[in-house]
Amino acid sequence: MKLPIYLDHSATTPMDPKVLDVMLPYFLENFGNASSSAHVYGWLAEEAVEIAREQVAALIGARSDEIVFTSGATESVNLAIKGFFETQVKKGGHIITSKTEHRAVLDTCAWVEANGGSVTYMDVTPDGLVDLQKLENEITDKTKMIAIMYANNETGVVQPVKEISLIADKYKVTFFTDATQAVGKIPVDVKADGIDMLAMTAHKLYGPKGVGALYVKKKEPKIQIEAQMLGGRHEKNRRSGTLNVPGIAGFGSACDIAAASIQDQKITILRNKLENALMAIPGSVVNGAHTSRLPHITNISFQDVEGESLLIEFCREVAVSRGSACSSVTNRPSHVLTAMGITDELALSSFRMSLGRFTTDNDIEQAISHITSCVERHQQNLKLR
Ligand SMILES: *Cc1c(COP(=O)(O)O)cnc(C)c1O
């Protein structure tokens, strides 16, 4: 079977073969438990974990002792928000987030509300941005945390993170950001950006699935987070459970490779080529076009088409998605696009295409030709009806 061209790198990326090479020994000869301190099996595993911790930290400008390894960004988000909230709940905490966050953040915020906290879900501008003045206006003396993502997983829209951190700082509020899509794609520097906590995951940057990290800034006063996994007190008692040594080693290697290739313009050039070609189809609109976006994502609304049947036709030749991987199983319009003021109908005929490190010029040419002919045929059929 000839597989379709993969343009869904925001859902997950293939592993870089170099990452797999780094991981393999930790499944086989170096299989030790990183907590086994009495013998060389443990020492070798621990050494791999600590090298990876340095590599992950380096990619985001953190210190290695600020990195907590988890099972992925969802767990990191849960640990950041629930773990932080549990230490603040008795004081009646308030969290400010946005309507365009990933479900991991939205559902965890819903948990906060169900557990005695309050949450403000900020609207965004038509370009998907949080309004800084409105954000500042929402802060009360109960506000403990601002949780705003670094860059959106459906549109690639990058939030004004530095400015948000300055507001958080001014009111002594903790700033947490879900940077899962941004890390490894654009330069992220937790110190320069003023970030207190940051969630990331390996499988969106050519590493393995099932491993991620939470950055927790070391500062005074200390950011208190309650562990969500209890047990062997791993990760300085912030996340118990035997460390996924091969996964962590792969994560570190993936971060190293990402750091070395982050300035490469190839993906941006291909994304722009795809976008410009599809914009030639009458009525198409790029969502979030007028602001800074990640280099690998484009989200396009097509007019006068029926989204569901279009998706079925696309998938024979190109793997794209409507909304995020988590919401594409449902048939609901994307909450991200509707928050940007797009109608339900248009949201259902909007598609996210996300490119990756191994996407070729030939892939993009084929994708352009297939998508264009599908959309144009659909538009014509609708006119004939
Ligand atoms: C993929 C993604 C997540 C979830 O990451 P997992 O590692 O799969 O749990 C969270 N937030 C954003 C923005 C994402 O893109």
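The values are calculated or read from the model by the stated rules, or taken from the named source; none is laboratory data. Treat the numbers as computed from the prediction; the structure is a model and nothing was measured. Every residue, glycine as well, gets a Cβ built from its backbone with ideal geometry; the counts of neighbours run over all protein chains shown. Remember, those area values only see protein heavy atoms, side chains included, never the ligands or the DNA or RNA. Shrake-Rupley method; radii C 1.70, N 1.55, O 1.52, S 1.80 Å.
Of all the helices (runs of 4 or more DSSP H) wholly in the range 24-116, which have at least 3 residues that are open to solvent by less than 70 Å² (accessible area, probe 1.4 Å), within 20 Å of ASN237 (Cβ to Cβ) and within 16 Å of the ligand (Cβ to nearest atom)?
Fully inside the range 24-116 and qualifying: 73-88.
Condition check ((1) at pLDDT 90 or above; (2) open to solvent by 10 Å² or more (accessible area, probe 1.4 Å); (3) farther than 23 Å from ASP123 by Cα) across all residues:
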residue	(1), (2), (3)
GLY283	yes, yes, yes
LEU294	yes, no, no
THR298	yes, no, no
SER301	yes, no, no
CYS315	no, yes, yes
CYS326	no, yes, no
ARG332	no, yes, no
HIS335	yes, yes, no
THR338	yes, yes, no
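Take LEU310 and tell me if it is open to solvent by less than 40 Å² (accessible area, probe 1.4 Å), closer than 28 Å to LEU106 by Cα and either touching a helix residue (DSSP H, G or I) at 6+ places or on another chain (Cβ under 7 Å) or more than 16 Å from the ligand (Cβ to nearest atom) (or both).
no
Could you check ASN362 against (1) polar (S, T, N, Q); (2) surrounded by fewer than 14 Cβ atoms within 10 Å (Cβ to Cβ); (3) at pLDDT 95 or above; (4) touching a helix residue (DSSP H, G or I) at 6+ places or on another chain (Cβ under 9 Å) and say which number it fails?
The single condition ASN362 does not satisfy is (4).
Can you name every residue in the range 193-209 that is within 8 Å of the ligand (Cβ to nearest atom) and open to solvent by 20 Å² or more (accessible area, probe 1.4 Å)?
Residues satisfying the conditions are HIS203, LYS204, LYS209.
Only one of VAL158, VAL130 is in contact with a Leu (Cβ under 7 Å, 6 or more places away or on another chain), within 16 Å of the ligand (Cβ to nearest atom) and either open to solvent by less than 10 Å² (accessible area, probe 1.4 Å) or of a type outside the set (Lys, Arg) (or both); which?
Among VAL158, VAL130, only VAL158 is in contact with a Leu (Cβ under 7 Å, 6 or more places away or on another chain), within 16 Å of the ligand (Cβ to nearest atom) and either open to solvent by less than 10 Å² (accessible area, probe 1.4 Å) or of a type outside the set (Lys, Arg) (or both).
Please name all residue pairs, on different chains or six or more residues apart, with Cβ atoms under 7 Å, provided the first residue is in the range 46-72 and is closer than 21 Å to ILE186 by Cβ and the second residue is part of a helix (DSSP H, G or I) and of a type in the set (Phe, Trp, Tyr).
Taking only residues 6 or more apart or on different chains, the pairs are VAL56/PHE251.
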